[in-house]
1. Any residue in region 23-51 that's open to solvent by less than 70 Å² (accessible area, probe 1.4 Å) and among the hydrophobic types (A, V, I, L, M, F, W, C): show its pairings with residues that are at pLDDT 90 or above and part of a helix (DSSP H, G or I) at Cβ separation under 6 Å, as long as the two are six or more apart or on different chains.
2. Give me the residue from region 1-22 that is among the small types (Gly, Ala, Ser) and farther than 21 Å from Ser50 by Cα and, out of that set, least open to solvent (accessible area, probe 1.4 Å).
3. Quick check on region 20-34. Is at least one of its residues among the acidic types (Asp, Glu), assigned to a helix (DSSP H, G or I) and at pLDDT 90 or above?
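The values are calculated or read from the model by the stated rules, or taken from the named source; none is laboratory data. It should be emphasised that the depicted structure is a prediction, and the values quoted were computed from it without experimental measurement. Neighbour counts are summed over all protein chains in view; Cβ atoms, including those assigned to glycine, are modelled from backbone coordinates with ideal geometry. Note: accessible area is taken over every heavy atom of the protein model, side chains too, but ligands, DNA and RNA are not part of it. Shrake-Rupley method; radii C 1.70, N 1.55, O 1.52, S 1.80 Å.
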Amino acid sequence: MAEIEQLEQTITLKATKNGEVPYTVCLVRQKAIKLTPEESIRQLYLRVLSDRNSLAKPTT
């Protein structure tokens, strides 16, 4: 559950013409990405793998 809180803390809102959109910094690419439902699952899964299994964070 700690990974969910970590992900929530990294979410920022950016203003667009359609309102505010959530963004986070991708753990792999190290750049801001739009946080869609699918992307939030990907980022959470990466956090779980890297935190719980002591895997190194992937680099490009």
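1. Leu27/Leu46; Leu44/Leu7
2. Start the filter on region 1-22 by keeping residues that are among the small types (Gly, Ala, Ser), which leaves 2, 15, 19.
Subsequent filtering for residues that are farther than 21 Å from Ser50 by Cα retains 15, 19.
Details: Ala15: 91, Gly19: 31 Å².
Of everything passing the filter in region 1-22, Gly19 is least open to solvent (accessible area, probe 1.4 Å).
3. Taking region 20-34 first, the residues among the acidic types (Asp, Glu) are 20.
So of that shortlist, the ones also assigned to a helix (DSSP H, G or I) come out as none.
For region 20-34, residues among the acidic types (Asp, Glu), assigned to a helix (DSSP H, G or I) and at pLDDT 90 or above: absent.
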